[in-house]
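Comments concern the structure below.
The values are calculated or read from the model by the stated rules, or taken from the named source; none is laboratory data. Since the structure is predicted, the reported quantities are computational estimates derived from the model, not experimental observations. Virtual Cβ from ideal backbone geometry, glycine too; neighbours counted across all protein chains shown.
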Amino acid sequence: MQLATWNVNSLTVRLPQVLDWLAANPVDALVLQETKTTDDKFPREAIQATGYHVSYFGQKTYNGVALISRAPAHEVVKNIPDFEDDMARVIAGTVDGVRVIGAYFPNGQAPESDKFAYKMRWLHALHAWVGHELKQHPRLVLMGDFNITVDDRDVWDPVGLKDTIHCTVQEREHFQNLIQLGLHDAYRLFDQADKSFSWWDYREFAFRRNRGLRIDHILVSDALKPEVQGCTIDKAPRKNERPSDHAPVVVTLN
DNA sequence: ATGCCTCAGCTCCTGAGA
């Protein structure tokens, strides 16, 4: 079984690339972030025409998430229950007996900002909810654009970017709180090349110079950990003429 | 230099992303 996550930075722009990627990488489930489209404009038929099922939850201009799956998704949940939020950031569903949670974590903009305070509240609510989900669904994957670097290995310039957004102690503590629930960073279960990133700024030829961050993650539960065969970042779509700034991350389970 | 790209939108500038 293969599961993947990809922040597409507008599904309207990236739909052809998503369809191409799925044809070349026929994963069992793919979660998307930053679809940036309302549900009435979501390209449901184009995705279903490929044989995939899809659930989606979007809004105008910002955010928006989707869950594309080979098998139908059951018990679909949109956003964190009991957490008031006017942004579309979470979609969850059970696919082939695996609870798949796709999430677009808040950016946070800058420490001390209102958006950072919102990010902290959101992370707190996510933690409580994922803990509850894990009790009901031991076979669980939490994946998406976390907008958090786990440690300095995930940062192209850890000295220059120390304590800036995505690299703060508070964000990393929230990430570790998720790990403490019984989750594992699938990417780090394997030897990986130094300076492996999942996002590169559009500016300053950042991709070409490999000046990036690893902020897109796949966390697998204790029950799934023994089944993980590999986890990779697919940089190929980032080389497209008109790419998303993020690359897909893929986990393989047996 | 609160910029450099990219995207959306009450679109020819602005806000947001990360």
Worksheet entry | Matching residues in the stretch A:217-239 - criterion: being touching an Asp or Glu at 6+ places or on another chain (Cβ under 9 Å), within 16 Å of DNA strand B (Cβ to nearest atom) and of a type outside the set (Val, Ile, Thr) | A:His217, A:Pro237, A:Arg238
Discussion item. Can you find, within the stretch A:1-18, the residue that is nearest to A:Ala92 (Cα to Cα) among those that are part of a strand (DSSP E or B) and within 16 Å of DNA strand B (Cβ to nearest atom)?
Written reply: A:Thr5
Discussion item. I'm told A:Ile179 meets every condition in (1) buried (at least 17 other Cβ atoms within 10 Å of the Cβ); (2) touching a residue at least 40 places away in the same chain (Cβ under 8 Å) except one. Can you identify the failing condition by its number?
Written reply: (1)
Practice prompt. Only one of these is within 12 Å of DNA strand B (Cβ to nearest atom) and of a type outside the set (A, V, I, L, M): A:Gly108, A:Gly131, A:Gly93. Name it.
Written response: A:Gly108
Response to the item:
Here the residues within the stretch A:211-229 that are farther than 20 Å from A:Pro158 by Cα and surrounded by fewer than 22 Cβ atoms within 10 Å (Cβ to Cβ) are A:Ser221, A:Asp222, A:Ala223, A:Lys225, A:Pro226, A:Glu227, A:Val228, A:Gln229
Response to the item:
Residue count, the stretch A:53-65, condition among the aromatic types (Phe, Trp, Tyr) and buried (at least 20 other Cβ atoms within 10 Å of the Cβ), comes to 2
Worksheet item: So which residues in the stretch A:41-74 are of a type in the set (Val, Ile, Thr) and more than 22 Å from A:Gln2 (Cα to Cα)?
Response: A:Thr61
Worksheet item: Restricting the first residue to the stretch A:23-40 and requiring it to be under 11 Å from A:Asn7 (Cα atoms), which pairs with a second residue that is modelled with pLDDT under 95 and of a type outside the set (Val, Ile, Thr) meet a Cβ separation below 7 Å and a spacing of at least six or different chains?
Response: none
Item to complete: Search the stretch A:132-145 for residues that are within 18 Å of A:Ala247 (Cβ to Cβ) and pair each with any residue that is in a strand (DSSP E or B) and of a type in the set (Phe, Trp, Tyr) when their beta-carbon atoms are under 7 Å apart and the residues are at least 6 apart or on different chains.
Response: A:Gly144/A:Tyr104; A:Asp145/A:Tyr104
Worksheet item: For residues in the stretch A:66-91 being within 30 Å of A:Thr164 (Cβ to Cβ) and small (Gly, Ala, Ser), which is surrounded by the fewest Cβ atoms within 10 Å (Cβ to Cβ)?
Response: A:Ala88
Discussion item. I'd like to know if the stretch A:98-105 contains one or more residues that are in contact with an Asp or Glu (Cβ under 8 Å, 6 or more places away or on another chain), more than 12 Å from DNA strand B (Cβ to nearest atom) and charged (D, E, K, R).
Written reply: yes
Worksheet item: Counting only residues that are over 24 Å from A:Asn254 (Cα atoms) and hydrophobic (A, V, I, L, M, F, W, C), which one in the stretch A:19-52 is farthest from DNA strand B (Cβ to nearest atom)?
Response: A:Ala49
Worksheet item: Does any residue of the stretch A:197-210 turn out to be part of a loop (DSSP other than H, G, I, E, B), surrounded by fewer than 17 Cβ atoms within 10 Å (Cβ to Cβ) and small (Gly, Ala, Ser)?
Response: no
Worksheet item: Hey, among the residues in the stretch A:171-207 that are away from DNA strand B (no atom under 16 Å from the Cβ) and acidic (Asp, Glu), which one's nearest to the chain's Cα centre (by Cα)?
Response: A:Asp185
